[in-house]
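Chemist: Before anything else, here's the structure in question.
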Amino acid sequence: MLKKRVLLGAAQGILVAGLAAGCAGGAREPTKEEYVSKLNAMCDDFSTREQKIGEPHTLADLVEKGPRILDAFERAIADKVKTLKAPDDIADQADRLVDLADQQRDVLGELVDAARAHDFAEVPRLVAKNDALNEESNAIARELGADACG
């Protein structure tokens, strides 16, 4: 009799654990509104960081402020946008934003390096490239409704 109760209790325990795992494992897909809200928060964070640093107006400014702007971009945007879950209906746009953030991080790094090297020909080219990446990512963000990013 005791053996039967132990087996029955164990079976019930396994059943309850299995049901609990099934419920916990079925994470729901985020909504577009949740995605956009998180995207807006990231952009607000970067904007605040960037304002504290200040916009570089000269090559010397870029040498001084560029690394801090790059760090702010990495912390607020590039590192976080990769982990942001998007619903299926905007997955392509979200994936493109991740690609653009990676490209922009690379260009910002190259821009800092070019400024340090006093490469007067490379800096304007990289600024233009960064502007184009920025324009595309802002357009996608606006399309999604992430007004803080546009």
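The values are calculated or read from the model by the stated rules, or taken from the named source; none is laboratory data. Remember, it's a predicted structure, so these values are computed and weren't measured experimentally. Every residue, glycine as well, gets a Cβ built from its backbone with ideal geometry; the counts of neighbours run over all protein chains shown.
Chemist: Under 8 Å by Cβ, and 6 or more places apart or on different chains, what pairs join a residue from the stretch 44-72 that is in contact (Cβ under 8 Å) with a residue 40 or more places away in the chain with one that is assigned to a loop (DSSP other than H, G, I, E, B) and surrounded by fewer than 17 Cβ atoms within 10 Å (Cβ to Cβ)?
Modeler: Qualifying pairs under 8 Å: L59/H118; L59/F120.
For (1) among the β-branched types (V, I, T); (2) closer than 17 Å to D147 by Cβ, each residue gets a yes or a no:
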{"position": "S47", "(1), (2)": "no, yes"}
{"position": "A60", "(1), (2)": "no, no"}
{"position": "E64", "(1), (2)": "no, no"}
{"position": "I69", "(1), (2)": "yes, no"}
{"position": "A86", "(1), (2)": "no, no"}
{"position": "I90", "(1), (2)": "yes, yes"}
{"position": "D102", "(1), (2)": "no, no"}
{"position": "D106", "(1), (2)": "no, no"}
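Chemist: When you scan the stretch 20-32, do you find a residue that is surrounded by 10 or more Cβ atoms within 10 Å (Cβ to Cβ), modelled with pLDDT under 95 and in a helix (DSSP H, G or I), even just one?
Modeler: Yes; the residues of the stretch 20-32 include at least one that is surrounded by 10 or more Cβ atoms within 10 Å (Cβ to Cβ), modelled with pLDDT under 95 and in a helix (DSSP H, G or I).
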